[in-house]
Structure formats: C-alpha cells, structure tokens
1. Which count do you get for residues in the stretch 173-220 that are within 20 Å of residue 263 (Cα to Cα), over 32 Å from the mean Cα position of the chain (by Cα), of a type outside the set (D, E, K, R) and loosely packed, with under 13 Cβ neighbours inside 10 Å?
2. Sort out which residues of the stretch 186-201 are touching a strand residue (DSSP E or B) at 6+ places or on another chain (Cβ under 8 Å) and either under 17 Å from residue 248 (Cα atoms) or without any contact (Cβ under 8 Å) to a residue 12 or more places away in the chain (or both), and write them in order of number.
3. Mind checking which residues of the stretch 162-176 are in a loop (DSSP other than H, G, I, E, B), more than 14 Å from residue 234 (Cα to Cα) and out of contact with any strand residue (DSSP E or B) (no Cβ under 6 Å at 6 or more places or on another chain)?
4. Out of the residues in the stretch 242-261 that are in contact with a strand residue (DSSP E or B) (Cβ under 9 Å, 6 or more places away or on another chain) and open to solvent by 80 Å² or more (accessible area, probe 1.4 Å), which is farthest from residue 184 (Cα to Cα)?
5. Step by step: first the residues of the stretch 112-154, then only those that are within 11 Å of the chain's Cα centre (by Cα) and basic (Lys, Arg), then the one that is surrounded by the fewest Cβ atoms within 10 Å (Cβ to Cβ). Which residue is that?
6. Taking the stretch 116-161 on its own, how many of its residues are assigned to a helix (DSSP H, G or I), in contact with a strand residue (DSSP E or B) (Cβ under 7 Å, 6 or more places away or on another chain) and without any contact (Cβ under 8 Å) to a residue 60 or more places away in the chain?
7. What tally of residues in the stretch 226-235 results from selecting those that are out of contact with any Ser or Thr (no Cβ under 7 Å at 6 or more places or on another chain), open to solvent by less than 30 Å² (accessible area, probe 1.4 Å) and not aliphatic (A, V, I, L, M)?
8. When only residues in the stretch 138-196 that are modelled with pLDDT under 90 and among the charged types (D, E, K, R) count, which is farthest from residue 229 (Cα to Cα)?
Amino acid sequence: MEKLGLTKENWEQFLEWVWDFVPGVLSAIVVFFVGIWIINLFSRGLRKFFKKKDYDETLESFLYDLINIGLKILLVILVITQLGVQTSSLVAILGAAGLAVGLALQGSLSNFAGGVLILFFKPFKIGDFIEAQGVSGTVKEISIFKTKLNTFGNQLAIIPNGKLSNENIINYSAEPIRRDNLEIGISYSSNIKEAKNILLDLIHSQEGVIQDPAPEVVVSNLGDSAVTLSLRYWASIDDFWRIHFFTVEDAKKRLEDKGISLPFPQREVHVYNKDGQNTKKSTFGADKTTIAINTKEENDGEQ
C-alpha cells in the first residue's frame, strides 16, 4: 500500500506539473507564431523602405539579412522564456552554447567578418564584373556569409565572404575606361612602318575609342618566327569588348589586303640518305626548326 500511495502521490505531482507547464507551452506557441508574423510583416516593410530610399544594393542586402536574423534570434529567446526558463540561466546557457558554436563554426564567423569588411571597404558592388578565387562574373548578391556571381556562361558561382575579403580581387567595373593591348605578329620580311600605319588607321576609325591618351602601336617582341606589334588603346567599359572583337577580325583583313603576311610557327624537316644525297625537305609545326633524319638504302641480295 505504501508503494501504491507513493506512486499515486508521484502521479498527482506529475499532473500538477503538467497543468503548470501547459500554459507556458501554449503561450510559447502563440508568441512564436505571432512573432513570425510580425517579423515577416516588418521584413516586407523594410524592403519597401529600402526601395523608396534608393540605398546601395549591397548595404540593403546586408542590413536586411542582419536585421532578419537578429529578430529571429530574439524571438527564440522570448519563446524559451515563456517556457519558464530563468533569464540568468538562459544567459549562461547561451554563453556556453555560443562558445561551442563559435568553435564549431569558425569558418562561418570568418565569412561574417568578411561580409562586414566588404560592406565597409566596398571593393565591389552589385552589378560589377569581378575576378576572384579563379571565378569571373557579375556580382548578383552580397549577403552576410557569401557572395553570388553570374558567370559569363550564366552559371551561379557562390564564394564565401571570408575568402573574398582576404584574397586578391580584380574589379573590371571599378574604372570607367580600360586599356586593351592587342598583340599581332607579322613576318620579318614585312614593312613594320606600313603595318603600324594600317593598325593605327584601323583603331582611329573605330567609334568609341578614346583619343586622349592617343592609341599607339609599338614593337613589343622579336619572336622566333614573327615580329610582334602591340596595338594599345583606351575605351569605355561599355564599348571595350565590341571594339576588341571587331579590331581582331578587321586587323587581319586589312593587313592581308596590303600584302602584310601574318606568319604562323613552322618547322623544317630535312630527310637525306647515308651519303647525304637525295635530300628531302618538309615544313610543318613550330619554330622553323631543322630536323635531320638519316636513312640507309639497302639493295636486295647484298650482305
């Protein structure tokens, strides 16, 4: 009977605890769903506010993510307190959990710090064409932990902010103008001055080429099989690639029309017999290298 009475007493205590705990659970559920609704409502209002004020897109995206995550963390704390957890105990738990999470998520914290640095120093912004971590593309989105790029082939590249903030970045959109350096090889027998004039006439005729500083053509290299001319000019980033591709094509046509040959690497092969007679020569490949091949003629019946 004593055992039965103890069991009954424990059961009554359990029921009493349940009745004390249920209101807190119900209150926590109500707080959670109402809080989610308020956060979503506030987030929509925040987006509309950013659009009206026309802030920098990078700043808008970063602040939106930061505020949204911060409000959700605050909501979780409120829900836990509704379950009867004391604030002092909650702070101790969060401190211990924060330390453990911080050690486990060092990379994520590094990415967060990188996002803050990108926001502060602004090495690039949404819409810029950049090259980083072996990837080139247009910046589509900058969030707290990562940056998204649209590559030339319209693939989506996601790069952690920690790496972006600590490695080299080439921003092709940072300056309004760019200089091109087209290298074109002509044969050693061609007239260098005439070839330079042809290229200068070509680039001066292109719409969008900046004339100050003026375009120039210089001899940049004396190669094994060609004299290399460097055509250098400035253009705006909007006209750069249009002028580049047209110039590459039209330069070949104009030079060939004037009799300026564009050599390709060649290799000469000389084939001769043991006595050095009946030499045969073949040309192919690269660098006009002469290769000698010895051959031995054998007659039938000779030992």
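The values are calculated or read from the model by the stated rules, or taken from the named source; none is laboratory data. Quick caveat: nothing in here was measured; it's all calculated off a predicted structure. With ideal geometry, Cβ positions are generated from the backbone for all residues, glycine too; neighbour counts draw on all protein chains shown. For accessibility, only protein heavy atoms count, side chains too; no ligands or nucleic acids. Shrake-Rupley method; radii C 1.70, N 1.55, O 1.52, S 1.80 Å.
1. 3
2. Passing the criteria: 186, 195, 196, 199, 200.
3. Listed by number, the residues that qualify are 167, 168, 174.
4. To start, the set of residues in the stretch 242-261 that are in contact with a strand residue (DSSP E or B) (Cβ under 9 Å, 6 or more places away or on another chain) comprises 242-244, 247-248, 251-252, 255, 260-261.
Of the ones still in play, those that are also open to solvent by 80 Å² or more (accessible area, probe 1.4 Å) are 242, 252.
Details: 242: 18, 252: 9 Å.
Selected residue: 242.
5. Looking at the filtered set, the residue picked out is 140.
6. Adding up the residues that qualify gives 1.
7. Total meeting the criteria: 1.
8. 146
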